[in-house]
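Working notes, structure below.
Just so it is clear, none of the values below were taken in a lab; they were calculated from the coordinates. This structure is a prediction, so every number in the text was calculated from the model and none was measured. Cβ: placed from backbone, ideal geometry, glycine included. Neighbour counts: every protein chain shown.
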Amino acid sequence: MKKSKSFWAAASLFSLAVMAMAGYSIYHRMALYFSGDTVSVSPVPPPPVQAEPDQTAAANPVQVPPAEPAAKDKKSPEPAKPEQTAPKIETVKVRAVKTTFEFKAPKARSVEISGSFTSWKPQAMKKKNGIWKAKIYILPGTYPYHFTVDGQKKLDPGKPKAPIGDSLVTVK
């Protein structure tokens, strides 16, 4: 009987510890979510191009010709065509920027980079003189990323850290 009481006491304490850890994890995630302290990973939209109003239209107002008498065959009149056309809005293409990532790890056997710009799929980096490099085309914006060095997740030293625990890169 004593063994069963101690077993159930230990099981209860273990369950209480697991629930406390789960509660803290949920609290931390909810606090981060509701604080609005999130990272935007969408590309920066280009500024809209504003067309200048046509100044000749103000100087020469559209004049409507006087109404003509009805025709004998009474066909429906054609719709009047405006003399002015709406100004054309030019679309600006956003180009991806060639971004170089470097990580110094002379003794590493393999280094990969993963980020929201690669859909979190690891991309291999090339080693040259102890420095691992990768060149990736990225649209302008701010993105989280990290390196994987010999299977271990590593952050980029000297770069800002995102609340989700990754490094941030800003591409302009």
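Worth a mention:
- For the range 111-131, the set of residues classified as assigned to a strand (DSSP E or B), in contact with an Asp or Glu (Cβ under 7 Å, 6 or more places away or on another chain) and buried (at least 19 other Cβ atoms within 10 Å of the Cβ) is empty.
- Hits in the range 121-158 (condition: closer than 19 Å to Thr170 by Cβ and of a type in the set (Phe, Trp, Tyr)): Tyr137, Tyr143, Tyr145, Phe147
- Of all residues in the range 99-110 being farther than 16 Å from Ser167 by Cα and free of Cβ contacts under 8 Å to residues at least 40 places away in the same chain, the one that is surrounded by the fewest Cβ atoms within 10 Å (Cβ to Cβ): Lys107
- Among the residues of the range 126-154, those that are over 14 Å from Asp166 (Cβ atoms) and in contact (Cβ under 8 Å) with a residue 60 or more places away in the chain comprise Leu139, Pro140, Gly141.
- Filtering the range 149-172 to residues that are among the polar types (S, T, N, Q) and either surrounded by fewer than 19 Cβ atoms within 10 Å (Cβ to Cβ) or not in a strand (DSSP E or B) (or both) leaves Gln152, Thr170.
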